[in-house]
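Novice: Just dropping this structure here.
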Amino acid sequence: MVSSLEFKLEKFEGPLDLLLHLIDKNKVDIYDIPIALITEQYMEYLDQLKEDDYDMDTMSEFLVMASTLLDIKCRMLLPKEKDEEGEEIDPRTELVQRLLEYKIYKYASLELKDMSVDAGRALYKGSSMPKEVLEYEEPIDLEKLVGDNTLQKLNAIFDELMKRQEDKIDPVRSKFGTIEKEEVDAEAKTEYIREFARNHRRFSFRELLTEAGSKAEVIISFLCILEMMKGGEIEARQSDIAGDIEIIVKEIA
């Protein structure tokens, strides 16, 4: 028979906290919890809760865990269940996982609390340096700085520095200009070409590009012509390789 235990509710923040206490008190392996022993001691604690007339919220949390322990205890007495791989399922596995996670969070919170206490003991002193000291600049001794350098030597040093700067410049990339993004409304351009084709049943590609203001518009126009050719709406002809492209409208949707 397990000896009676004495508990103080203030010591436990919840059922998991109580279970960890019982495991440590009985010096048992958390991965091999003696469910019968732990459940009996846990139920003794619940009896004290009832006598002390605690609120329902507190009682409900401990009662849920009590039902979980009793369920595990019953399943431990039954034949072992097996998973899909044929290995036995330990009814305590989920409870052990919850206890390990709670233990990690609990110890982490204690570490943060200690860090907070230590931080509260740190004192900081603001700057008290006089303004005159902060604004002081050490005078420059020009004679010491120049030394035995003559104007000719200084000029040679300056020329060498300028030459190094010139050597760093890429002769090709330095001549590149800024590439600006050209905004072209493809849908509006396509509709313009279709309308142009409806009004001009036969025209040259060069004639179509009279309204094109940029290279991007020329490319969009060319792609649109290719798409219309693919759909059988127009037909393109070219008398020679350097000649203009003649476009004949067949059927515009």
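Every read-out reported here was derived from the displayed coordinates using simple, explicitly stated rules and does not represent laboratory data. Since the model is a prediction, treat every value here as computed from it, not as a measurement. Positions of Cβ are generated from backbone atoms using ideal geometry, with glycine treated the same way; all protein chains shown enter the neighbour counts.
Novice: Label-point separation (nm) for Met162 and Arg75, each offset 7 Å from Cα along Cα-to-Cβ?
Specialist: Taking the two extended label points, one gets 8.7 nm.
Novice: Shifting gears a bit: Going by average Cβ neighbours within 10 Å, how do the peptides 68-75, 83-90, 38-45, 131-138 rank, with the highest at the top?
Specialist: So the peptides 68-75, 83-90, 38-45, 131-138, ranked by packing, come out 38-45, 68-75, 83-90, 131-138.
Novice: Also, I was wondering about something else. What distance in nm separates the simple spin-label points at Ser116 and Asp17, each placed 7 Å from Cα in the Cβ direction?
Specialist: Result: 1.4 nm between the two label points.
Novice: Given the pairs Lys230/Lys250; Lys25/Lys73; Lys189/Lys215, which are separated by over 18 angstrom at their Cα positions? Can you show the working numbers first?
Specialist: Values: Lys230/Lys250 12 Å; Lys25/Lys73 20 Å; Lys189/Lys215 13 Å.
Where the Cα-Cα span goes over 18 Å, the pairs concerned are Lys25/Lys73.
Novice: Please get the size of the charge dipole for segment 45-135, origin at its Cα centre, with Cβ charges of +1 on Lys and Arg and -1 on Asp and Glu, quoted in debye to the nearest 20.
Specialist: Numbers: 13 positive and 22 negative charges, 95 e Å.
About 460 debye.
Novice: Based on the alpha carbons, how large is the Rg to Rh ratio for segment 9-115 when Rh follows Kirkwood? List each step's numbers first, then the result.
Specialist: Working: Rg = 15.4 Å, Rh = 15.2 Å.
A ratio of 1.01.
Novice: Per residue, how big is the convex hull around the C-alpha atoms of segment 186-249? Give it to me in cubic angstrom, could you? Write out the running numbers ahead of the final one.
Specialist: Values: hull volume 5.3 nm³, N = 64.
Enclosed volume per residue, from the Cα hull, is 83 Å³.
Novice: I would also like to ask the following. What residues qualify as long-range amide H neighbours of Ser204, i.e. H under 5 Å apart, gap of 5 or more or another chain, H built at 1.01 Å from N?
Specialist: Under 5 Å from the amide H of Ser204: Ile247.
Novice: Using modelled amide H (1.01 Å from N, peptide plane; none on Pro or chain starts), what sits under 5 Å from the amide H of Lys250, excluding residues fewer than 5 places away?
Specialist: Ile234, Glu235
Novice: Only bridges with both residues in segment 186-249 count here: give the DSSP antiparallel percent, nearest 5.
Specialist: 100 percent
Novice: Tell me, what ³J(HN,Hα) does each residue in segment 14-22 have, in order and in whole Hz, if you take phi through Karplus 6.51 cos²θ - 1.76 cosθ + 1.60 with θ = phi - 60° and put x for Gly and Pro?
Specialist: With the stated coefficients, segment 14-22 comes to x, x, 5, 5, 5, 4, 4, 4, 5 Hz.
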